[in-house]
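Colleague: Take a look at this one; I'll ask things after.
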Amino acid sequence: MRKLIMTGCAVIGILSLFLASENLLAAEKKTEGGKQAAIERGHYLVTVGGCNDCHSPKKMTPKGPAPDEMRMLSGHRADEKLPETPSNLLGPDKWGAITNNNLTGWVGPWGTSYASNLSPDPETGIGAWNEELFIRILRTGKFMGSGRDILPPMPWYDFAKLTEADLKAIFAYLRSLKPVKNQVPASVPAQPFSGNK
């Protein structure tokens, strides 16, 4: 009788382990499916949000400029210098802003701004960021979530209105990209206006 009880316990134990591992595998598949769905949603949001318009260097194609897929969302190229801004070009009754051919460098009344590297490179992109920091940056409009204001033309105030799930999906997609090492130049604030010339 004792042998029968021991055998029964062993069978129950083995069945329990088997069922637990099956449940664990099912949970892992569900998590992987959820992660892939978030990446796909993030890709969709980045595409319709026009993130490539400013954050990806361009290459010329027969249909005109298109995002350079080798440097996707890597920001203003570190080796690209902006030309000198002509004096008296910007102002209330003149142009509001100008940009380079890649649309990654902008000059306006706020100064000079460069599109950030959104690739997951840990040194020059968002690879060292966590999801919480990414969301805080887009909710507050502050560089690194607490620093200077994010400069135009970045429409952070529109992204701030997205749901937390959508912001997490964007972050998941950005983290799924190929890291691109590209140190974007620091923004240059506008010089204070002086009436004396």
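Colleague: Can you name every residue in segment 68-110 that is among the polar types (S, T, N, Q) and crowded, with 16+ Cβ neighbours inside 10 Å? I'd like the intermediate steps shown before the answer.
Modeller: Residues of segment 68-110 that are among the polar types (S, T, N, Q), as a first pass: 74, 85, 87-88, 99-102, 104.
If the condition is that a residue be among the polar types (S, T, N, Q) and crowded, with 16+ Cβ neighbours inside 10 Å, then SER74, THR99, ASN100, ASN102, THR104 are the ones that fit.
Colleague: Kindly indicate whether any position in segment 160-168 is acidic (Asp, Glu) and over 24 Å from ALA190 (Cβ atoms). Steps first, answer last, please.
Modeller: Taking segment 160-168 first, the residues acidic (Asp, Glu) are 164, 166.
So of that shortlist, the ones also over 24 Å from ALA190 (Cβ atoms) come out as 164, 166.
There is at least one residue in segment 160-168 that is acidic (Asp, Glu) and over 24 Å from ALA190 (Cβ atoms).
Colleague: Restrict the check to segment 141-164 and report whether at least one residue is more than 27 Å from ASP79 (Cβ to Cβ), modelled with pLDDT under 95 and in contact with a Phe, Trp or Tyr (Cβ under 6 Å, 6 or more places away or on another chain).
Modeller: Within segment 141-164, one or more residues are more than 27 Å from ASP79 (Cβ to Cβ), modelled with pLDDT under 95 and in contact with a Phe, Trp or Tyr (Cβ under 6 Å, 6 or more places away or on another chain).
Colleague: Could you tell me whether any residue of segment 169-176 is at negative phi and without any contact (Cβ under 8 Å) to a residue 12 or more places away in the chain?
Modeller: Filtering segment 169-176 down to residues at negative phi leaves 169-176.
Then drop every residue that is not without any contact (Cβ under 8 Å) to a residue 12 or more places away in the chain, which leaves none.
Scanning segment 169-176, I find no residue that is at negative phi and without any contact (Cβ under 8 Å) to a residue 12 or more places away in the chain, so the answer is no.
Colleague: To continue, here is another question. What's the number of the only condition in (1) free of Cβ contacts under 8 Å to residues at least 40 places away in the same chain; (2) touching a Lys or Arg at 6+ places or on another chain (Cβ under 9 Å) that ILE126 fails to meet?
Modeller: Only one criterion in (1) free of Cβ contacts under 8 Å to residues at least 40 places away in the same chain; (2) touching a Lys or Arg at 6+ places or on another chain (Cβ under 9 Å) is unmet by ILE126, namely (1).
Colleague: Considering every residue within segment 131-150, establish whether at least one is in contact (Cβ under 8 Å) with a residue 40 or more places away in the chain, surrounded by fewer than 17 Cβ atoms within 10 Å (Cβ to Cβ) and touching an Asp or Glu at 6+ places or on another chain (Cβ under 6 Å).
Modeller: no
Colleague: Is it true that some residue in segment 55-63 is surrounded by 11 or more Cβ atoms within 10 Å (Cβ to Cβ), part of a helix (DSSP H, G or I) and without any contact (Cβ under 8 Å) to a residue 12 or more places away in the chain?
Modeller: The initial filter retains those residues of segment 55-63 that are surrounded by 11 or more Cβ atoms within 10 Å (Cβ to Cβ), namely 55-59.
Narrowing the set further to residues that are part of a helix (DSSP H, G or I) leaves 55.
Then keep just the ones that are without any contact (Cβ under 8 Å) to a residue 12 or more places away in the chain; that gives none.
No, that holds for no residue.
The values are calculated or read from the model by the stated rules, or taken from the named source; none is laboratory data. None of the values given here were measured: they were computed from a predicted structure. Note that we place each Cβ from the backbone using ideal geometry, even for glycine, and neighbour counts take in every protein chain shown.
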